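Scroll down for the structure; my scribbles are underneath it.
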Amino acid sequence: MDNPINVCLLNDSFPPVIDGVANVVLNYAKIIHGNHGNAVVVIPRYPGELYEYPFPIVHYPSIKTPKTAGYRTGLPMPGIIKEIKNYPIDIIHCHCPFVSSVISKSLRHATGAPIIMTYHTKFDIDLANNFDSTFMQSVVKKIIVSNIEACDEVWAVSRSAGENLISLGYKGGYRVMDNGVDFAKGKADDERIRELNAELDLPGDIPIFLYIGRMMWYKGIKLTLDGLQKAKAAGTRFKMIFVGGGTDFEAIVEHAHSNGLGSDCIFTGPVRDREKLRAFYSRADMFLFPSSFDLAPISMREASACGLASVLVRGSSSAEPVIDGTNAVLIDEDADSLAQTVMDLARNKDYMKALGDRAMNDLYLSWDTAVASAIERYKEILQQRESIE
């Protein structure tokens, strides 16, 4: 291993939480520790978790997070910096501008290592969902921007992510760094797909549509259900599978039933088995993801890796890397547009397969490649600091 690097990764979520940023940090840690040097992960403690990973984890006490099911708020205690310093640190890479960024700044003071912040999430929408007071939203927004501006370099997961950060009041620059996927390019084994067919009793003569992600209204799920209702009323047959959990799960299931889609939708809840998730992507005919919230959804990239193309909202961040009609289908952000697209796609399974093949070839990026790009930039930052000093 040439010039190994030592990286401290911090985030406010980590498995067992199932979200895109937790997935990012996990893959960064595994690949850095296995291929490029050493990684240590600093996270709030999730009770009952053993954290059996090849890289070390430093955790600190936490409490349940109000209004956000499954998440916990970290309570960093005196001594946490001393514990982290037991590990060599060249780079501090923070993935959340809350508690993790506070620890990052203290760690920089103690070690001299530069901080990189990656901006992943539209926090203005998250804040609106968690704070009823516009004053509190404004206060927390200023804290976010202040914490990000205190870092030595800022990365955004897409151009749209950077634009969203600027809309919050951020005045600095940023560098776009793409995330990858941990699936190999190609579909899951036939046996895993047969097992999924049997488990869910999936029909072979109608299209299967899929959503994987947090079950939250702001992910475009109401649009999906309302569009599917219109398509069904027009005579289109299908199965729609929702994989994931979240605070809106029960309301979403209720809305599906009130829409007359009870027999057409399957709600699995969270699925943590990565190979089973790959089977879901491989079995479906189209990934329905009309979300204008997500900045660079890993689930869309995972779908592409498995030869599954996506239906996305035109002009959304999710649609940034795709070409309409070539490796994805773009719609207006309304139920009528989704309904018409679903009806058109349901009549042409060959077209859906062709879109999926192109998506797999055009959009695939492995985590090995993505992290290798990050390592290259880490080293450039360290070299620049050395030349100044």
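The values are calculated or read from the model by the stated rules, or taken from the named source; none is laboratory data. Bear in mind that the values here come from a model prediction, so they are computed numbers and not experimental data. Here the Cβ is made from the backbone with ideal geometry for all residues, glycine too, and neighbour counts use every protein chain on show. The accessibility values were calculated without ligands, DNA or RNA, using every heavy atom of the protein model including side chains. Shrake-Rupley method; radii C 1.70, N 1.55, O 1.52, S 1.80 Å.
Of everything in region 189-217, what is of a type in the set (Phe, Trp, Tyr) and buried (at least 20 other Cβ atoms within 10 Å of the Cβ)? Give them in sequence order. Within region 189-217, Phe209, Tyr211 qualify. For region 9-23, the set of residues classified as at pLDDT below 95 and not acidic (Asp, Glu) consists of Ser13, Phe14, Pro15, Pro16, Val17, Ile18, Gly20, Val21, Ala22, Asn23, listed by residue number. If you go through region 1-39 and keep only what is free of Cβ contacts under 8 Å to residues at least 12 places away in the same chain and surrounded by fewer than 19 Cβ atoms within 10 Å (Cβ to Cβ), you end up with just Asp2. Residue-level check: of (1) part of a loop (DSSP other than H, G, I, E, B); (2) open to solvent by less than 30 Å² (accessible area, probe 1.4 Å), Glu49 misses just (2). Scanning region 207-237 for residues that are outside any loop (DSSP other than H, G, I, E, B) and closer than 18 Å to Thr121 by Cβ gives Ile212, Trp217, Tyr218, Lys219, Ile221. Looking only at residues of region 194-206 that are outside any loop (DSSP other than H, G, I, E, B) and of a type in the set (A, V, I, L, M, F, W, C), we find that the one that is nearest to Ser258 (Cα to Cα) is Leu200. Taken together, the residues in region 267-300 that are on the phi < 0 side of the Ramachandran plot and open to solvent by less than 30 Å² (accessible area, probe 1.4 Å) amount to 21. Of all residues in region 245-265, those that are of a type in the set (Phe, Trp, Tyr) have Cβ atoms under 9 Å from Cβ atoms of residues that are open to solvent by 30 Å² or more (accessible area, probe 1.4 Å), 6 or more apart or on another chain, in Phe249/Ala69; Phe249/Phe267.
In region 260-306, the qualifying residues are those that are assigned to a loop (DSSP other than H, G, I, E, B) and under 18 Å from Leu196 (Cβ atoms), and the one that is modelled with the lowest pLDDT is Arg272. Counting only residues that are of a type in the set (Lys, Arg) and in a loop (DSSP other than H, G, I, E, B), which one in region 73-131 is nearest to the chain's Cα centre (by Cα)? Step by step, filter region 73-131, then rank; the result is Lys122.
Table: residues versus (1) under 18 Å from the mean Cα position of the chain (by Cα); (2) small (Gly, Ala, Ser); (3) more than 29 Å from Thr121 (Cα to Cα).
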site: Ile166; (1), (2), (3): no, no, no
site: Gly172; (1), (2), (3): no, yes, no
site: Asp182; (1), (2), (3): yes, no, no
site: Lys187; (1), (2), (3): no, no, no
site: Asp190; (1), (2), (3): no, no, yes
site: Arg194; (1), (2), (3): no, no, yes
site: Asp205; (1), (2), (3): no, no, yes
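Could you tell me which residue of region 348-389 is most open to solvent (accessible area, probe 1.4 Å), considering only residues that are free of Cβ contacts under 8 Å to residues at least 12 places away in the same chain and not in a helix (DSSP H, G or I)? Top of the filtered list is Glu389. For region 230-245, the tally of residues that are open to solvent by 30 Å² or more (accessible area, probe 1.4 Å) and more than 16 Å from Phe289 (Cα to Cα) stands at 6. For region 19-42, the set of residues classified as touching a Pro at 6+ places or on another chain (Cβ under 7 Å), under 18 Å from His59 (Cα atoms) and part of a strand (DSSP E or B) consists of Asn38, Val40, listed by residue number. A single entry from Gly315, Gly307, Gly325 fulfils the requirement of being open to solvent by 40 Å² or more (accessible area, probe 1.4 Å) and at positive phi: Gly315.
A single member of Gly186, Gly172, Gly180, Gly220 is open to solvent by 20 Å² or more (accessible area, probe 1.4 Å), at pLDDT 95 or above, under 30 Å from Trp155 (Cβ atoms) and out of contact with any Gly (no Cβ under 6 Å at 6 or more places or on another chain), and it is Gly172. Quick one: how many residues across region 53-76 are modelled with pLDDT under 85 and polar (S, T, N, Q)? Looking only at that region, the number is 2. With respect to the stated conditions, Asn147 fails to be at pLDDT 95 or above and either exposed (fewer than 13 other Cβ atoms within 10 Å of the Cβ) or farther than 23 Å from Lys105 by Cα (or both).
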